[in-house]
Amino acid sequence: MTTLPGGLELRTARPSDLEQIGALLVARGEEPDALDHRLVVEGELGWDSCAVVVDGDRVVSTATLLDETVRVGDVVLPAGQVELVATETDYEGRGLVRALMGWAHERSRERGHLLQVMIGIPYFYRLFGYEYAVDIPRARALRGSLPAQDAPAASVLREATRADLPALVALQDAAQAPYDVAMPHPADRWRCLLAHEASTTRVLERDGVVVASARTGVPDEGLLVAEAAAADTAAAGDLLAALRGLGEPLTIVHRPLTVPGRAWADLLEPAGTDATQYYVRLERPELVLDALRPVLTARLRAAGLGRDVVISTFGRHYRLPWSDDAGLGPVEVGGPMQAPGVARGAGVAPDRLPALLLGQLGIEGLGRLHPDVYAPDAELFGALFPPLTADLLTYYLPW
C-alpha cells in the first residue's frame, strides 16, 4: 500500500472493490468495461493484476496490467499491457494515473516484462514513457458497389465457443507467421474474448470444420471486422460472403499479409491518411537489445556483415561486441556519447528506439524524418534495423 497526497492510498484491488471498479469503468468508459475487468481479475490474471486508489472506502481510480508476448523474428519478448484505466472526474489532475502507471510498470518489471505495448488516447501515455512505434492496420470500408454474394450452403457462420479455441489459435498463428513482429492473444485472453461484450468472435465452419474466423465490433455505423483469418483463399471468400450476409455495411481492419488480407485487398476502399500507431515503452533498452541478439546476429550474417555494433542514445550508449563464431555478444552499457560516428556507431534518440526495433520504417526511414536518428555506416545499420512488418492483437479492437 502506498500513501498519496490528500490522504489517498494506492493498493492492490480486492474482491470487495469489484462493484465500485465496475461502476467507475462504466462511468468513464463503456458499459462492457465492467465485464472485461471481472473476466480478467476473476479468471485470467487474478486480483494482483489490478490496482486502485481509494479515498477511505471509495475507489476513485484504477488500472489493470495484462500479460503479453511480442515475437520479433524467432525471439519472444515478455511484455505488459496497461488497460482499464479510469479516474473519477472530481479526482482528476491529482497525479492518480501517474501513480497507477508507476505501480503497473513496477509490477511489469516483477513479472519479467521487457517492454509494454498498448492502445491509448492520443499523446497522454507519452507522459509515462510510451512512444508511438508500430503502425495499427487501417480500417477500410468494403466497396459498396460489390454485388451480393451468398455463402456456400456448406459454410456456417456462428459465434465461437470454447470448443473452438484450438482452431482459433491455429488460424491466428498461421495469419501472424508472415510478420516480422507479432503479438498474439495469450491462451487465457481467448477465453475472455469469447465472453467479451464489446466484440464478438465468430468462426466459419465448412462441412463441420472451422476454416476461418474474425472478431466483429461496432464502429460509428455498420460492422467492424478485425482479426480475420482463414485457412485458404476459398475460406476467406466464404467468410466475407457470410459476414456480408449479416446485413450491415462492413469496415475491415486490413492485415495485408494474411490470407483474407490478400484475398480482400482489391475489394476495399482506400485507407485513410491519419496516423494510427500502438504505443511502446522500453524502460531498459539493453535488456531488449540483449534478448534480440539472435535476430540481430542473423540479419548481419545474412548481409555478409559482422563487426562490433554501437548505438548511442546520446545520454547512454550500448555496445554489442562481435565475434565470427558467436555473433553479437552481451550488451555493454556505457555513458554519454554525443558523437557515435567516431566509434562507427549509430545515433538514435531514446524515444525513437521502440520504432527502430519494432516499427515499419527501419533506421533509414526514421533517419529521413528525425535528425536525431542517423548512421554513418548505412549498409551495416540498414541490415541491422530494416523496415519490419507487424501484427499486434490487443484486447480492444483498433478503429
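Laboratory data are not the source of any read-out in this text; all were calculated from the coordinates shown. These figures come from a predicted structure and were not determined experimentally. All Cβ positions, even for glycine, are placed from backbone atoms using ideal geometry, and neighbour counts span all protein chains on display.
The peptide list 223-236, 265-278, put in order of mean Cβ contacts within 10 Å with the highest first, becomes 223-236, 265-278. Mean sequence separation of contacting Cα pairs (under 8 Å, at least six apart), scaled by the length of region 284-328, corresponds to a relative contact order of 34 percent.
Normalised by the number of residues in region 295-388, the average gap of Cα pairs under 8 Å and 6 or more apart makes the relative contact order 25 percent. Here the relative contact order of the chain, from alpha carbon pairs under 8 Å that lie six or more residues apart, stands at 16 percent. 3J(HN,Hα) along region 287-293, derived from phi through the Karplus expression 6.51 cos²θ - 1.76 cosθ + 1.60 where θ = phi - 60°, amounts to 5, 5, 4, 5, 5, 8, 4 Hz, with x in place of Gly and Pro. Shape call for region 139-274 from the C-alpha gyration tensor, a ≥ b ≥ c root eigenvalues: rounded (a/c under 1.5), prolate (a/b greater than b/c) or oblate? Cα axes put region 139-274 in the rounded bin.
Once the chain from Arg11 to Arg262 is taken as fully extended at 0.36 nm per residue, the excess over their C-alpha distance is 85.6 nm.
Rounded, prolate or oblate: which fits the chain, taking a ≥ b ≥ c as square roots of the Cα gyration tensor eigenvalues, rounded meaning a/c under 1.5, else prolate when a/b beats b/c?
Because a/c hits 1.5 or more and a/b fails to exceed b/c, the chain counts as oblate.
With the highest mean first, a sort of the peptides 318-330, 51-63 on other beta-carbon atoms found within 10 angstrom per residue produces 51-63, 318-330.
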